[in-house]
1. Would you say residue 168 is of a type in the set (D, E, K, R), open to solvent by 60 Å² or more (accessible area, probe 1.4 Å) and not in a strand (DSSP E or B)?
2. On the basis of being touching a strand residue (DSSP E or B) at 6+ places or on another chain (Cβ under 6 Å) and open to solvent by 20 Å² or more (accessible area, probe 1.4 Å), does residue 143 make the cut?
3. Out of 229, 182, 186, which single residue is open to solvent by 20 Å² or more (accessible area, probe 1.4 Å), at pLDDT 95 or above, touching a helix residue (DSSP H, G or I) at 6+ places or on another chain (Cβ under 8 Å) and not small (Gly, Ala, Ser)?
4. Check 258, 224 and return the single one that is open to solvent by 20 Å² or more (accessible area, probe 1.4 Å) and among the hydroxyl-bearing types (Ser, Thr, Tyr).
5. What number goes with the only condition from (1) within 25 Å of residue 97 (Cα to Cα); (2) surrounded by 14 or more Cβ atoms within 10 Å (Cβ to Cβ); (3) at pLDDT 95 or above that residue 195 does not pass?
6. Could you please find all residues in segment 217-248 being among the aliphatic types (A, V, I, L, M) and within 22 Å of residue 168 (Cβ to Cβ)?
7. Does segment 164-171 contain any residue that is among the hydrophobic types (A, V, I, L, M, F, W, C) and farther than 23 Å from residue 138 by Cα?
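The values are calculated or read from the model by the stated rules, or taken from the named source; none is laboratory data. Just so it is clear, the model here is predicted, and its values are computed rather than measured. Positions of Cβ are generated from backbone atoms using ideal geometry, with glycine treated the same way; all protein chains shown enter the neighbour counts. Heavy atoms of the whole protein, side chains included, go into the accessibility calculation; ligands, DNA and RNA do not. Shrake-Rupley method; radii C 1.70, N 1.55, O 1.52, S 1.80 Å.
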Amino acid sequence: MRDTPGSRRSTRLASAVRRLNRNAALLSAARNTREWALGEHQIEHGLSSARGRPADLAFRQLAALRAGEPGVAGELGAAVLQSWQRLAEAQGRGRGEVDVAVLFTDLVGFSEWALTVGDELAVELLREVSAAVEPPILTRRGQVVKRLGDGLMAVFRDAPTACGAAFDARERVSAVTVAGHRPRLRTGIHLGRPRKVGRDYLGIDVNVAARLADAAQPDEILVSDRTLRALDPQVVASQRRQFRARGAPADMIAHAVSPLRTSVALRD
């Protein structure tokens, strides 16, 4: 390109735009405003398996942009796309067509314990817990969607099947001991219509199930109100719990559940 007054002005303008885009104060303000208005939305999670929808492609391209060179433009773009997704969820677009019971499990205090005993025993415990948790899921024709270090996400075709697996898994984990340590499981279950993308599931319903697991006490199984309504009260006892979590509906009610009979009663 020839060095002309016009090209020099264009170069200076492009340089100024890049500096503005990377301005730390503006970037922080844009990010804080987006998160205050729309919540913390990790735009890059779970989108790698999207197949061709324009919005999914836009999210993936924006995620790549933000990962390579985070800036004010990326945050503004995230706000626009996140607002569109929020509107789409509210209107029912991007949701699944059938009910799915989403289950999350997590080991209480695993990270702290693993730091004290080292990798070998930590891996042994994870293997033992996996061997206890996954068979109850698979025998009920549930699907393990992803393993999350010391937990997992699974889906079932209905709420009773998911709860039966959770009760059985909790009982089996209670028999596990490694180096004198007994792991304690916490579980969250929500019945909703998440959107299936490849082998993964996305959407508000997945977030709700994860937040229920986060809020559960050791050895506790928390379910949403909609999940509880799908269960037989002659089979499952419940206790209402206060529940507030970012990303979950403000009026949502949680319930700690336990079997009135053996877990076999909830098995197919």
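1. no
2. yes
3. Just one listed residue meets the conditions, 186.
4. Exactly one residue qualifies, and that residue is 258.
5. Going through (1) within 25 Å of residue 97 (Cα to Cα); (2) surrounded by 14 or more Cβ atoms within 10 Å (Cβ to Cβ); (3) at pLDDT 95 or above one by one, residue 195 breaks only (3).
6. 221, 222, 223, 228, 230, 231, 235, 236, 237
7. Taking segment 164-171 and keeping what is among the hydrophobic types (A, V, I, L, M, F, W, C), we get 165-167, 169.
Next cut, farther than 23 Å from residue 138 by Cα only: none.
No.
Conditions (1) at pLDDT below 95; (2) buried (at least 23 other Cβ atoms within 10 Å of the Cβ); (3) among the small types (Gly, Ala, Ser), marked per residue:
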position: 147; (1), (2), (3): yes, no, no
position: 153; (1), (2), (3): no, no, no
position: 175; (1), (2), (3): no, no, yes
position: 190; (1), (2), (3): no, yes, no
